[in-house]
Amino acid sequence: MHTVWKGAISFGLVHVPVKMFTATEDKDIHLRMIHKECGTPISNVRTCPHCEKEVQWDEISKGYEYEKGRFVLFDSDELDAIKPENTRTIQILDFVDLTEIDPLYYQKAYYLSPDQAGSGAYNLLLEAMRQSGKIGIAKIAIRSKSSLAAIRAVDNCICMETMHYPDEIRSLQLVPNLPEQTTVNERELTMAKMLIEQLSTPFDPNKYTDDYRISLQEAIQRKISGEGPDIVTAPAAEKTNVIDLMAALQASLEAVKPASTPLPDSAVDPSADPSGDRNKAKPRGTRGRKKEGAVP
């Protein structure tokens with residue numbers, strides 16, 4: 001597993017050096033946009049619709065739209081100055097009961113392992129949280145973004161889950177058509193509770209699979225095996241460096257080639273005598289003309 005962060009967990013005066021690893025992985029099948037005519041993947045190009053041209057990275061600034069069509073701009077130095085300090089510390093602020101946290105707050109999970117000689121302090125925190133049934137609420141800065149986090153024991157590992165801040169959770173009052181009061185038939189409620197009881201079972205995550213991903217994988221394999229019209233090969237990109245090299249070589253040859261090379265009379269005047277007899281008359285219009293390129 002790839003280490004994504006190194007630092008330490010801090011609670012009170014205890015310092016626990018740790019390494020962080022992503023606990024989940026993206027299993028989605030990502031489909032690319034392909035030009036049907038030639039089979040080439042489509043590229044995303046940064047263009048300005050006003051200037052009607054492609055925009056380079058050094059011409060781009062970041063901005064916040066505070067009114068429709070009006071932006072306040074920031075350069076990279078200004079943004080760097082207000083980024084959270086990367087202290088490399090997961091600072092536990094409080095310990096709470098796990099049942100007090102709504103899963104709505106959770107974002108992404110990470111595993112934390114002891115780093116260097118920190119196994120003693122790591123084991124101490126792990127066992128203390130396990131026996132107390134408490135989890136730590138902490139703050140951490142990852143990739144210049146400040147996050148709230150829950151620190152808890154999962155088997156023999158300390159797990160960290162980043163969390164939304166309270167103001168990032170939308171109010172239930174914004175959800176339309178919620179009932180103000182729940183009025184149900186008592187008999188129907190009893191039967192519903194009985195059905196829930198019959199379907200209740202210990203949680204086993206291995207029972208659940210991504211049916212869509214499996215079906216898509218099977219469809220991909222069927223198309224590959226069939227080698228039908230849906231299999232395309234993108235054309236090879238033009239080797240522009242080779243073309244440029246040939247052009248450079250040609251230009252170099254042109255640059256060193258003499259302006260003109262003297263040619264024999266036979267090449268200039270087909271009627272000239274190859275034996276070298278100069279007394280024979282030359283065709284009209286050639287008498288007295290200096291040969292092109294001849295040295296005076």
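What are the residues in region 232-246 that are at pLDDT 75 or above and either farther than 22 Å from P41 by Cβ or not hydroxyl-bearing (S, T, Y) (or both), if any?
Applying the first criterion (at pLDDT 75 or above) to region 232-246 yields 233, 235.
Answer for region 232-246, where residues must be at pLDDT 75 or above and either farther than 22 Å from P41 by Cβ or not hydroxyl-bearing (S, T, Y) (or both): just P235.
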Note to self: Go through (1) over 28 Å from Y105 (Cβ atoms); (2) among the β-branched types (V, I, T); (3) surrounded by 10 or more Cβ atoms within 10 Å (Cβ to Cβ); (4) modelled with pLDDT of 90 or more for V184 and report which single condition fails.
What the structure shows: (3)
Item checked: T89 being exposed (fewer than 12 other Cβ atoms within 10 Å of the Cβ), β-branched (V, I, T), in contact (Cβ under 8 Å) with a residue 12 or more places away in the chain and closer than 29 Å to A121 by Cα -> no
Note to self: Quick check on region 138-178: of everything there that is more than 26 Å from the chain's Cα centre (by Cα) and buried (at least 18 other Cβ atoms within 10 Å of the Cβ), which residue is farthest from D102 (Cα to Cα)?
What the structure shows: I158
Note to self: As an exercise: evaluate A117 against (1) within 14 Å of G7 (Cα to Cα); (2) surrounded by 14 or more Cβ atoms within 10 Å (Cβ to Cβ) and give the number of the one condition it does not meet.
What the structure shows: (2)
Item checked: strands (runs of 3 or more DSSP E) wholly inside region 110-188 that include at least 3 residues being touching a strand residue (DSSP E or B) at 6+ places or on another chain (Cβ under 6 Å) and either over 15 Å from A23 (Cβ atoms) or without any contact (Cβ under 8 Å) to a residue 40 or more places away in the chain (or both) -> 134-142
Next item on the list: Considering each of K53, K68 in turn, give the residue that is at pLDDT 85 or above, among the basic types (K, R) and loosely packed, with under 10 Cβ neighbours inside 10 Å.
Entry: K68
Next item on the list: Starting from region 26-40, take each residue that is basic (K, R) and in a loop (DSSP other than H, G, I, E, B) and list its partners that are at pLDDT 85 or above and loosely packed, with under 10 Cβ neighbours inside 10 Å, counting only C-beta distances under 9 angstrom and pairs at least six apart or across chains.
Entry: R32/P41; R32/I42
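The values are calculated or read from the model by the stated rules, or taken from the named source; none is laboratory data. This structure is a prediction, so every number in the text was calculated from the model and none was measured. For neighbour counting, all protein chains shown are included, and Cβ atoms are generated from backbone atoms with ideal geometry for every residue, glycine included.
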